[in-house]
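Notes to accompany the following structure.
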Amino acid sequence: MSSSLFGGGLDRRILGLLAILTSAAVLVPVLNLAVPPTSSFHIPTYAVALLGKYLCYAMLALSLDLVWGYCGILSLGHGAFFALGGYAMGMYLMRQIGTRGVYGHPVLPDFMVFLNWKELPWYWYGFDQFWFAALMVMLVPGLLAFAFGWLAFRSRVTGVYLSIITQAMTYALLLAFFRNDMGFGGNNGLTDFKDILGFSLQAPTTRAALFSISALMLAIAVIVTAVLVSSKYGKLMIAVRDAESRTRFLGWRPENIKLFAFTVSAVMAGIAGALYVPQVGIINPSEFAPANSIEIVIWTAVGGRGTILGPVIGAVAVNWGKSWFTAAIPELWLFALGGLFIAVTLLLPKGIVGTWDAWRAARRARRSAGKGTSQVEPPVAEGTTARTTRHSIEPQPAE
Amino acid sequence: MTNTNTILYLDGVSVSFDGFRAINNLSLVLDRGEMRAIIGPNGAGKTTMMDIITGKTRPDTGTVYFDGTHDLTRYDEADIAMLGIGRKFQKPTVFESHTVEDNIALSLKGPRTVLSTLLNRRSADDARRIDEILATIRLEERRDELACNLSHGQKQWLEIGMLLAQDPKLLLVDEPVAGMTDAETEETVRLLKDVAKRHSVIVVEHDMHFVRELGVKVTCLHEGSVLSEGSLDHVSQDPRVIEVYLGR
Ligand SMILES: Nc1ncnc2c1ncn2[C@@H]1O[C@H](COP(=O)(O)OP(=O)(O)OP(=O)(O)O)[C@@H](O)[C@H]1O
Ligand SMILES: [Mg+2]
């Protein structure tokens with residue numbers, strides 16, 4: 001253990017990740033803005049936006065890992081929380097357009113003028129204020145997750161049934177947001193944003209700043225997750241994942257433990273969505289597509305669920321691969337993604353980070369056995385990450 | 001409702017699964033501080049009886065009272081655990097990816113809210129209690145080991161230790177020596193006798209040698225109701241019991 005910061009939640013590897021994120025938050029803008037384009041160290045603006053997008057996906061994968069990797073809830077609807085956070089941010093950005101829209105209406109976004117609406121629907125009130133939108137970015141996904149989880153966990157819906165209803169939830173939202181009369185821009189969603197807090201979204205400085213903020217928010221999400229999973233609460237999440245009925249007969253209420261994790265996770269996903277929208281410049285109903293939520297599961301599985309590093313690495317690596325594939329051989333991307341998932345499930349069931357941990361633990365055990373120690377020492381876990389990944393995550397039925 | 005000297009009172013309890021009567025007009029009374037052994041062939045309803053007591057299964061008819069006035073049919077598993085009933089599962093169930101020590105720490109009596117777990121700092125009292133329990137179940141040496149690395153027998157003890165940490169009034173122990181070596185079985189006899197000094201205990205077991213070692217009153221279940229009750233000698237000489245066991 002190199003550090004006992006935050007109750008031992010931050011081990012050496014997590015500190016390393018935090019160091020990388022904070023240096024990226026400084027270096028990437030410098031290399032983009034201060035280094036001339038002729039230099040080989042220059043990072044072009046499109047790459048800054050791309051990297052920022054990856055970081056948002058990493059945060060989304062981390063939020064899924066909190067519920068899936070640590071608490072055993074396989075959510076196939078996490079894209080919905082991401083999209084809701086994105087829509088809340090999009091509504092703010094829409095209202096910043098003001099009279100610069102095609103129709104030049106001072107209050108109504110273009111799509112409402114086009115639909116012949118005379119006034120702003122009540123649920124668009126307040127979104128001209130950034131603080132209000134920022135609050136909604138967290139509140140809307142958080143409340144939806146709380147209501148959904150309250151019903152589902154209390155009724156003891158678990159396993160594949162729970163996964164199916166999370167998928168149904170995001171699908172229902174997809175259909176709802178497609179409708180023009182919902183007032184969220186229908187099929188086209190929200191786009192043509194001009195500026196955020198007065199800064200032009202087209203300006204390279206704004207884009208660089210958005211990247212830095214994404215990196216720092218991801219760092220905060222990593223700290224929050226690390227502290228949570230290393231607390232007594234985190235141990236209970238793992239206990240619920242591995243032997244839910246054991247916790248129940250000890251007097252715990254697994255439904256409350258899950259509900260808390262699910263809600264925190266949804267808020268995290270919402271923030272990721274809000275950071276994503278200004279960087280890609282659009283939010284539309286396709287973000288609710290069930291396939292998107294399944295992709296998040298794949299990123300997390302590839303990186304290693306039940307670890308903190310895993311989902312971050314998985315999200316960045318898979319999306320990097322996706323960017324490359326969709327440029328080179330776009331028609332093969334879905335096959336590659338499916339193949340990757342099958343390969344990881346069969347060959348690396350613990351993902352990249354989990355497999356690495358298991359390999360290191362085995363090597364250490366072999367070495368200490370080689371030294372002639374009579375008893376094989378349990379490999380010393382660095383924080384909870386290593387410890388939890390060593391054992392398989394398959395839930396264990398009680399009795 | 002019941003005698004103050006009674007910790008557990010079941011009367012006329014029945015439960016059916018899809019028309020099959022797993023528990024049939026079962027009545028059983030356990031005194032405070034008593035240890036009782038329950039025997040019976042496979043499918044006699046021993047585990048189902050524990051399911052009813054711990055709130056996992058609701059009886060169709062009958063009354064179940066605990067510690068005087070608590071009607072257990074009105075509570076769920078977590079409530080019943082908090083009232084003071086601990087249960088060891090037939091298949092040993094511990095938190096495999098946690099250390100032995102953490103398994104005990106998560107079971108320690110105390111508040112069970114999410115908030116309390118977020119703010120928790122382990123007190124000196126808790127640490128002392130954990131040490132005591134680890135000593136009782138003889139797992140001090142392995143406290144930092146992950147539970148998945150324990151032997152089958154050690155898992156059984158760890159689970160009993162978790163019940164002790166919960167500090168219940170009544171322990172329900174389902175087949176504690178299944179899969180144990182003779183030496184481990186002896187240890188378990190010692191452990192349970194020790195536990196029974198301070199708690200009421202119900203032990204379900206098939207191993208007659210073990211039941212004899214416990215030296216307590218025996219209840220034989222068959223087809224969901226009590227077939228015979230008394231000392232082991234009395235029960236094992238009961239012709240109905242002999243028929244049930246030999247007739248299989
Ligand atoms: N949830 C359930 N649904 C359907 N049948 C059940 C259920 N629980 C128990 N049974 C049936 O009730 C009967 C009693 O089962 P129980 O597990 O209580 O037996 P037991 O005495 O514990 O047996 P063993 O010694 O094998 O553990 C069995 O025939 C079993 O199949
Ligand atoms: Mg049984």
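The values are calculated or read from the model by the stated rules, or taken from the named source; none is laboratory data. Quantities reported herein were computed from a predicted structural model and do not represent experimental measurements. Positions of Cβ are generated from backbone atoms using ideal geometry, with glycine treated the same way; all protein chains shown enter the neighbour counts. Ligands, DNA and RNA are stripped out before the accessible areas are found, and what is left, the full protein with its side chains, is counted by its heavy atoms. Shrake-Rupley method; radii C 1.70, N 1.55, O 1.52, S 1.80 Å.
Taking segment A:19-31 as the range and being within 21 Å of the chain's Cα centre (by Cα), more than 13 Å from A:Leu210 (Cα to Cα), open to solvent by 20 Å² or more (accessible area, probe 1.4 Å) and in contact (Cβ under 8 Å) with a residue 12 or more places away in the chain as the test, only A:Thr22 passes.
Residue by residue, here is whether (1) more than 16 Å from ligand 1 (Cβ to nearest atom); (2) open to solvent by less than 40 Å² (accessible area, probe 1.4 Å); (3) under 25 Å from A:Gly251 (Cα atoms); (4) assigned by TED's automatic domain parsing to the domain that holds B:Gly62 holds:
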| position | (1), (2), (3), (4) |
| --- | --- |
| B:Pro176 | no, yes, yes, no |
| B:Arg190 | yes, no, no, no |
| B:His222 | no, no, no, no |
| B:Ser228 | no, yes, no, no |
| B:Glu243 | yes, no, no, no |
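Residues of segment B:76-123 that are within 16 Å of ligand 1 (Cβ to nearest atom), in contact (Cβ under 8 Å) with a residue 24 or more places away in the chain and at the interface with chain A (Cβ under 8 Å from one of its Cβ atoms): B:Arg87, B:Phe89, B:Gln90, B:Thr93.
Of all the listed residues (B:Pro168, B:Pro176), the sole one being assigned to a loop (DSSP other than H, G, I, E, B) and within 16 Å of ligand 2 (Cβ to nearest atom) is B:Pro176.
You will find that of B:Asp18, B:Asp51, the residue that is acidic (Asp, Glu) and at pLDDT 95 or above is B:Asp51 and no other. Determine whether segment A:151-163 contains at least one residue that is of a type in the set (S, T, N, Q), within 14 Å of chain B (Cβ to nearest Cβ) and either assigned to a helix (DSSP H, G or I) or surrounded by fewer than 19 Cβ atoms within 10 Å (Cβ to Cβ) (or both). Checked against the condition, which is being of a type in the set (S, T, N, Q), within 14 Å of chain B (Cβ to nearest Cβ) and either assigned to a helix (DSSP H, G or I) or surrounded by fewer than 19 Cβ atoms within 10 Å (Cβ to Cβ) (or both), segment A:151-163 yields at least one hit. Within segment A:236-260, the set of residues being under 26 Å from the mean Cα position of the chain (by Cα) and more than 7 Å from chain B (Cβ to nearest Cβ) comprises A:Met237, A:Val240, A:Arg241, A:Glu244, A:Pro254, A:Glu255, A:Lys258, A:Leu259.
How many of the residues in segment A:319-338 are assigned to a helix (DSSP H, G or I) and either over 22 Å from A:Leu60 (Cα atoms) or in contact (Cβ under 8 Å) with a residue 60 or more places away in the chain (or both)?
Looking only at that region, the number is 9.
With the requirement that a residue be more than 29 Å from A:Asp192 (Cβ to Cβ) and either part of a loop (DSSP other than H, G, I, E, B) or open to solvent by 10 Å² or more (accessible area, probe 1.4 Å) (or both), what does segment A:264-296 give you? Break it down stepwise before answering.
Filtering segment A:264-296 down to residues more than 29 Å from A:Asp192 (Cβ to Cβ) leaves A:264-265, A:294.
Listed by number, the residues that qualify are A:Val264, A:Ile294.
Of all residue pairs spaced 6 or more apart or on separate chains, those with beta-carbon atoms under 7 Å, a first member in segment B:44-57 that is within 9 Å of chain A (Cβ to nearest Cβ) and a second member that is near ligand 2 (Cβ under 9 Å from one of its atoms) and not in a helix (DSSP H, G or I) are B:Thr47/B:Gln90; B:Thr47/B:Asp174.
With respect to B:Asp60, determine if the residue is within 15 Å of ligand 1 (Cβ to nearest atom) and free of Cβ contacts under 8 Å to residues at least 24 places away in the same chain. Walk me through how you get there before you give the answer.
Numbers: within 15 Å of ligand 1 (Cβ to nearest atom): yes; free of Cβ contacts under 8 Å to residues at least 24 places away in the same chain: no.
So B:Asp60 fails the test.
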